[in-house]
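The values are calculated or read from the model by the stated rules, or taken from the named source; none is laboratory data. Predicted, not measured: the structure shown is a model, and the values here were computed from it. When we count neighbours, we look across all protein chains shown, and the Cβ atoms used for this are built from the backbone with ideal geometry, even at glycine.
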């Protein structure tokens with residue numbers, strides 16, 4: 001009998017599986033974040049992230065919902081972009097529409 005999980009990509013059980021993450025403290029933000037502030041913070045995080053900084057990604061925010069579009073070269077880059085978006089203060093949902101395209 002075959003294992004239904006065989007052949008499927010297994011993600012690490014920990015949310016922050018990449019080694020450079022050091023459990024950075026989130027600073028409390030005064031009051032609610034505007035969509036512009038959220039977008040700026042997400043873009044800054046993606047530019048600093050080792051997995052996403054070399055990709056051209058589009059970030060849109062509406063009512064606290066981050067929508068990521070564009071192409072990345074690995075599943076890890078897609079996941080890291082989503083994680084960074086979720087970790088941004090004021091974000092209520094993330095629609096990670098990034099496409100994994102080899103050679104992008």
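Can you give me the number of residues within region 56-104 that are in a loop (DSSP other than H, G, I, E, B) and more than 21 Å from residue 36 (Cα to Cα)?
6
Taken over region 40-51, the residue count meeting the criterion of being over 18 Å from residue 93 (Cα atoms), at pLDDT 95 or above and either touching a strand residue (DSSP E or B) at 6+ places or on another chain (Cβ under 8 Å) or part of a loop (DSSP other than H, G, I, E, B) (or both) is 0.
For the condition touching a helix residue (DSSP H, G or I) at 6+ places or on another chain (Cβ under 7 Å), at pLDDT 95 or above and surrounded by fewer than 15 Cβ atoms within 10 Å (Cβ to Cβ), residue 59 does not qualify. Of the residues making up region 69-94, those that are more than 10 Å from the chain's Cα centre (by Cα) and within 14 Å of residue 57 (Cβ to Cβ) are 69, 70, 71, 72, 73, 74. Would a scan of region 68-81 turn up a residue that is loosely packed, with under 15 Cβ neighbours inside 10 Å, in contact (Cβ under 8 Å) with a residue 12 or more places away in the chain and closer than 15 Å to residue 44 by Cα? No, region 68-81 has no match at all.
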